[in-house]
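Working notes, structure below.
No lab work stands behind these numbers, since they all come straight from the coordinates. None of the values given here were measured: they were computed from a predicted structure. Every residue, glycine as well, gets a Cβ built from its backbone with ideal geometry; the counts of neighbours run over all protein chains shown.
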Amino acid sequence: MSTVQSVDRALDVLEALADQGGEAGLSEIAARTGLPYGTIHRLLRALLLRGYVRQESDRRYALGSALVRLGGAAERMVGVWAQPYLEKMVALSGETANLAVLEGDFVVYVAQAASPRRLRMFAEVGRRVMPHSTAVGKVLLAERPDAAAVLARTGLPRRTEHTITSVDAMLAELEVVRRQGYAADLGEEELGVHCLAVPVRDGGRVVSAMSVSGPTARIEALDLGRLADGMRGIAAEFGAEMSPP
């Protein structure tokens, strides 16, 4: 196996673990990657030695703590690269724009561009929120095959009177998000605040979400379909910059 092929396959293993929520058995990794068991064993041994993978007591494999340092640095850089695109969203909507990613089962805000208006919304960078009550969370879950499992683990606590609290209702909502290409949070996380979010894709895979949020009355006054179209265009530009050549 060439050095380049080994690196490529090691990354396949790490991505397979990430796609399984951060933890998987050998058979699940093999099913995801199509690699022989012997090859996976050799790659896992190398990753274990470097701390990028750990083995649990039940002999399943999980992403290791060495990835935390890389992930933190990568998130900071992604936030820097996203800034001009978030500012485009502010110019488009007049409202605060955010970039968010899914870390484990929770949504984390990693960058923001503030609205120039005096009354504006803030989602503190680094803040963790549950996915079911936010537009960014819905976008990040919409194309995940394990969305139902994520929701079962986190639960769907009621944040406001508008929060969706049923797994079946949320799965139906995610189907709408997939179909229309954007998600809305209509006072589901915080009363008086509405939010619209679109996916950022690395190729065909959703890797992050971009959103705009503002007071209910101002968001309701916008043409949401037209706004979503403009946001998708900006997100596609950002995704193209982030995608490997």
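Rounded to a whole number of µm²/s, how large is the Stokes-Einstein D of region 99-217 at 37 °C and 0.692 mPa s, given Rh as the Kirkwood radius over C-alpha pairs? Walk me through the numbers before you get to the answer.
Numbers: Rh = 14.2 Å.
In µm²/s, the coefficient rounds to 231.
Using only the alpha-carbon atoms, how far is helix 66-93 inclined from the longest principal axis of the chain? Give it as 0 to 90 degrees, nearest 10.
30
Could you give me the percent of Cα pairs per 5 Å distance bin for the chain, shortest bin first, beginning at zero and ending with the bin that holds the maximum distance?
Calculated over all Cα pairs of the chain, the distribution is 1, 6, 13, 17, 17, 15, 12, 8, 5, 3, 1, 0, 0 percent.
Can you compute the helix-only [θ] at 222 nm over the chain? Use -39500 (n - 2.57) per DSSP H run of at least 4 residues, normalise by all residues, nearest 500 deg cm²/dmol.
After summing the helix terms and dividing by the residues of the chain, the value is -16000 deg cm²/dmol.
Once the Cα atoms of helix 224-242 and of the chain are each reduced to a long axis, what angle between those two axes, in degrees from 0 to 90 to the nearest 10, is obtained?
30
Output the peptides 201-213, 45-57 sorted from most to least packed, where packing is the average of other Cβ atoms within 10 Å over each peptide's residues.
Output ranking for 201-213, 45-57: 201-213, 45-57.
Hey, how many Å between the Cα centroid of region 1-60 and the Cα centroid of region 190-245?
For region 1-60 versus region 190-245, the Cα centre distance is 33 Å.
May I ask for the angle, rounded to the nearest 10°, between helix 3-19 and the longest principal axis of the chain, with both axes built from Cα atoms and the value confined to 0 to 90°?
Value to nearest ten degrees: 50.
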